[in-house]
Amino acid sequence: MLPPLVTVIIPCFNAAALLPAAVGSVLAQGDIGVEIVLVDDCSTDDTAQAARSLASRHANITMVAHAANAGPGPARNTGLRLARSEFVCFLDADDAYLPGFFSAALRHFRSNPKLSAVYTGIELVDCPHEVDRLHVAGAMNFMPSNKMLRRTAVEAIGGFPEDATFRTGMGGEDGAFFQVLRKYFLSLLDVTVYCRYHVGPNSHFSRFVKRTRIENGKIVFVELEPIERSGALTAAILAFEKRFIDRCSALRDSTVFPELAKGAFTPGLIMA
C-alpha cells in the first residue's frame, strides 16, 4: 500500500464544535491520498469523543490523545511523528481550507522541486476589529493553517519548539518555526485565498493587532508583554534557530554533505 501524499495534522483543544468543519474541509480537497491525524491535547469538552467519531467513520483519519495538556507546538510534533507522507499541513481546529488548496499547492511543488513550503492567502473569519493589510500579511507569514510543507524540511528544522517559554500565553512557537523556515528554505506565496482563518476576540492575532499600529508603512509595537520586555521570548527563538544551525553544522561535517550541496539555491520567498 502506497503511503499518503499529504498528512494534515490538526491539534485539538476544546474544539468539539469546530472540529468536524475543519476535517470536512480536508476531505473536500479530493481523493489525492490524504491522511488526517487528530491530536487531542487533553481537552475538557467533547473534543476527544468527536475526534474518535470522525476516525471511526473515515479510514484515513487517526486520533491520538495526550495524557496531559502540552500546547499546540507539542501537539503538532506528535502528529508529525506519525506522518508518512511527502507533504504535511498543520491545520488549527477552528480554521478551514477552501476548495482547490491541495491541488494548487501540489502543482507549485511539482513545478519547483526546490520548494519547501507553499503559503496561500487567507480570509479572516469572526474578526472583531479592523485590520491593516500589513497585519494580514504578518498572519499569512507566521500562522500554520495556510501552508503546505515538505515533511523533510519540517523534520530538518526539528518540528515546533517545545520550550516552556512558549507556554506563557504569548505563544510564539509558530513564529520561531516559520522564521527558520523563511530564513533558510525556499517558500512560495500564492495569494489566492485558500484558507479561512478564525480570529475571534481572544486570539493571538487579535492581541497582535491591539498591541501595534501602522507608521510609515511599518508595524510598530506600542505595547510589549513582560516576556518580550525581559528578552526571554527573543532568547528562546534564537536558541531554537541555533539548535537548527548546529544540526546543519553536524551534517556539513559528515560524508553526506557534498551530495546535498549540489544544486544550491538562494533561500527566501518567491511569488506565484
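Couple of notes before you dig in:
- What the phi angles of segment 226-237 give under the Karplus curve with 6.51, -1.76 and 1.60, with θ = phi - 60°, is a coupling list of x, 5, 7, 4, 6, x, 5, 5, 4, 4, 5, 5 Hz, glycine and proline written as x.
- Spin-label pair Glu155/Ser249, simplified geometry with 7 Å Cα→Cβ offset, distance in nm: 2.4
- Quotient of Cα Rg and 2.2 N^0.38 Å for the chain, N being how many residues it contains: 1.00
- Segment 66-208 gives an Rg/Rh value of 0.94, both radii derived from C-alpha positions and Rh following Kirkwood.
- Sequence of Arg110, Arg133, Arg247 when ordered by accessible area, the most exposed leading, probe 1.4 angstrom: Arg133, Arg110, Arg247
- ³J(HN,Hα) computed for each position of segment 37-51 - Karplus, 6.51 cos²θ - 1.76 cosθ + 1.60, integer Hz, glycine/proline x: 10, 9, 10, 7, 8, 6, 5, 9, 10, 9, 4, 4, 5, 5, 5
- Residue-by-residue Karplus 3J(HN,Hα) for segment 74-88, coefficients 6.51, -1.76, 1.60, Hz, glycine and proline x: x, 5, 5, 5, 4, x, 4, 5, 8, 5, 10, 9, 6, 10, 10
- Percent antiparallel among DSSP beta bridges (both partners in the chain, rounded to 5): 30
- With the gyration tensor restricted to C-alpha atoms of segment 173-272, the semi-axes of the equivalent ellipsoid amount to 32, 21, 12 Å, longest first.
- In plain terms, the C-alpha convex hull of segment 153-231 casts an average shadow of 7.3 nm² when viewed from every direction.
- Highest average packing first - 51-63, 152-164, Cβ atoms within 10 Å: 152-164, 51-63
- Over segment 185-232, equivalent-ellipsoid semi-axes from the Cα gyration tensor in Å: 25, 16, 14
- In a fully extended conformation the segment linking Arg211 and Leu224 would gain 4.0 nm over its present Cα-Cα distance, using 0.36 nm per residue.
- Computed over segment 11-131, Cα set: Rg, Dmax in Å: 15.0, 44
- Centre separation in Å (Cα based) which lies between segment 91-126 and segment 1-39: 14
- Take every Cα pair under 8 Å whose residues are at least 6 apart in sequence, average their separation, divide by the length of the chain, and the relative contact order is 19 percent.
The values are calculated or read from the model by the stated rules, or taken from the named source; none is laboratory data. Since the structure is predicted, the reported quantities are computational estimates derived from the model, not experimental observations. Here the Cβ is made from the backbone with ideal geometry for all residues, glycine too, and neighbour counts use every protein chain on show. For accessibility, only protein heavy atoms count, side chains too; no ligands or nucleic acids. Shrake-Rupley method; radii C 1.70, N 1.55, O 1.52, S 1.80 Å.
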